Amino acid sequence: MDGNGRWAQERGLPRAAGHRAGVEALRQMVQNAADLGIGWVTVYAFSSENWSRPKSEVTDLMGLLKLFIRRDLAELHQNGVKVQVIGERQSLQRDISALLDEAEQLTRDNTGLHLVIAFNYGSRDEVARAATKIAEAAIAGRLAPGDITPETFCTFLDTAEIPDPDLIIRTGGEIRLSNFLLWQAAYSELVFLSCYWPDFNKTHLVDAIQTFAARERRFGGVREAGVAS
């Protein structure tokens with residue numbers, strides 16, 4: 001969800017205004033995804049690198065997270081949305097960690113759209129933490145080194161119970177993944193949009209899905225001659 005700050009600056013507004021507009025775009029996107037029958041949505045809400053931003057901006061972002069959960073959690077729950085959070089939590093402030101726990105606990109039995117929030121998340125950090133857990137399991141004798149396969153490795157990731165993304169959409173004109181789901185994105189289809197996140201709407205979402213549907217996914221194989229895709 002890239003481009004909040006630039007969206008605000010181009011309108012002569014403080015960056016915080018762009019982040020607030022981005023939250024509104026997120027609320028609409030979740031509703032639109034549910035209306036379209038999408039089962040899983042993962043949003044990159046705050047990366048482990050975002051702590052390097054100015055303190056005032058980080059404070060604003062934390063405030064928006066609190067506002068989103070306190071204002072929208074009840075509605076998400078009422079609509080059957082299940083919230084799951086990925087990312088490193090031990091270093092988070094207690095009030096932030098408690099809010100994330102509350103969102104997960106309240107919605108854990110819901111069966112509608114799964115909303116995965118990547119918060120204090122970085123894919124390299126996730127892989128490193130998974131490798132540490134695997135090493136600890138091997139030292140403790142719970143896992144033999146020869147039993148470590150890609151499938152085994154996946155069970156140690158934050159996304160152990162989350163399907164790999166079919167489609168990754170990035171707004172804001174940047175053409176890179178920026179440390180987002182690097183392991184899980186091995187066979188994802190990528191769509192990069194020039195619009196800033198606050199301007200992302202249902203038309204953009206539908207267009208991206210149509211682009212995805214038109215692509216041929218072979219997962220390293222080849223399509224047999226005479227077989228329609």
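A few comments on the model shown:
- Counting only DSSP H runs of at least 4 residues, each contributing -39500 (n - 2.57), and dividing by the residue count of the chain, the helix-based mean residue ellipticity at 222 nm comes to -14000 deg cm²/dmol.
- Here the dipole of the stretch 20-95 is about 200 debye; that uses its Cα centre as origin and unit charges on the Cβ of Lys and Arg (positive) and Asp and Glu (negative).
- Reciprocal of mean inverse Cα separation for the stretch 16-137 (Kirkwood radius, Å): 15.3
- Comparing mean-square fluctuations of 34, 144, 98 from a GNM of the chain with C-alpha springs under 10 Å, the top value falls on 144.
- Apolar share of the accessible surface for the stretch 102-229: 53 percent from carbon plus sulfur atoms, 1.4 Å probe.
- Projected onto planes of every orientation and averaged, the convex hull of the alpha-carbon atoms in the stretch 127-199 covers 5.8 nm².
- Choice from 93, 31, 105 showing the highest fluctuation, given a GNM over the chain with Cα pairs closer than 10 Å: 93
- Cα-based radius of gyration for the chain, normalised by 2.2 N^0.38 Å, reads 1.09.
- Between the listed residues 118, 135, 93, the Cα displaced farthest toward the positive end of the dipole of the chain, a dipole computed from Cβ unit charges relative to the Cα centre, is found at 93.
- Computed FRET value (nearest 0.05) for residue 67 with residue 160, which takes r as the C-beta separation and R₀ as 22 Å: 0.15
- Low-density loop cleavage sites - trypsin sites (Lys or Arg not before Pro) in the stretch 91-153, where at most 12 other Cβ are within 10 Å (DSSP): 108, 142
- Nearest-20 debye value, the stretch 97-154 charge dipole, Cβ charges on Lys, Arg, Asp, Glu: 180
- Whole-Hz ³J(HN,Hα) from phi, Karplus 6.51 cos²θ - 1.76 cosθ + 1.60, for the stretch 6-12, glycine and proline x: 5, 4, 5, 4, 5, 9, x
- Taking a straight Cα-Cα cut-off under 26 Å and skipping sequence neighbours fewer than 8 places away in the same chain, the lysines within cross-link reach of residue 82 are 66, 202.
- Protection-proxy order for peptides 71-82, 14-25, each taking the mean of Cβ atoms within 10 Å per residue, highest first: 14-25, 71-82
- Per-residue Karplus couplings for the stretch 149-162, computed as 6.51 cos²θ - 1.76 cosθ + 1.60 with θ equal to phi - 60°, are listed in order as 10, x, 5, 5, 4, 4, 6, 9, 7, 4, 9, 3, 10, 10 Hz, Gly and Pro entered as x.
- Per residue, the stretch 51-208 exposes 54 Å² of solvent-accessible protein surface, assessed with a 1.4 angstrom probe and all protein chains in place.
- Dipole of the stretch 174-225, positive direction: furthest Cα of 212, 187, 177, with charges on the beta-carbon: 187
- Computed from point charges on the beta carbon alone (+1 for Lys and Arg, -1 for Asp and Glu), the dipole magnitude for the chain about its Cα centre is near 440 Debye.
- Phi to ³J(HN,Hα) by Karplus 6.51 cos²θ - 1.76 cosθ + 1.60 over the stretch 36-47, Hz, x for Gly, Pro: 7, x, 6, x, 9, 9, 10, 10, 8, 7, 7, 8
The values are calculated or read from the model by the stated rules, or taken from the named source; none is laboratory data. Not measured: the values here are computed from a predicted model. Don't worry about glycine lacking a Cβ; one is built from the backbone with ideal geometry, like all the others, and counts go over all protein chains shown. Side chains are part of the model used for accessible areas, which takes the heavy atoms of the whole protein and leaves out ligands, DNA and RNA. Shrake-Rupley method; radii C 1.70, N 1.55, O 1.52, S 1.80 Å.
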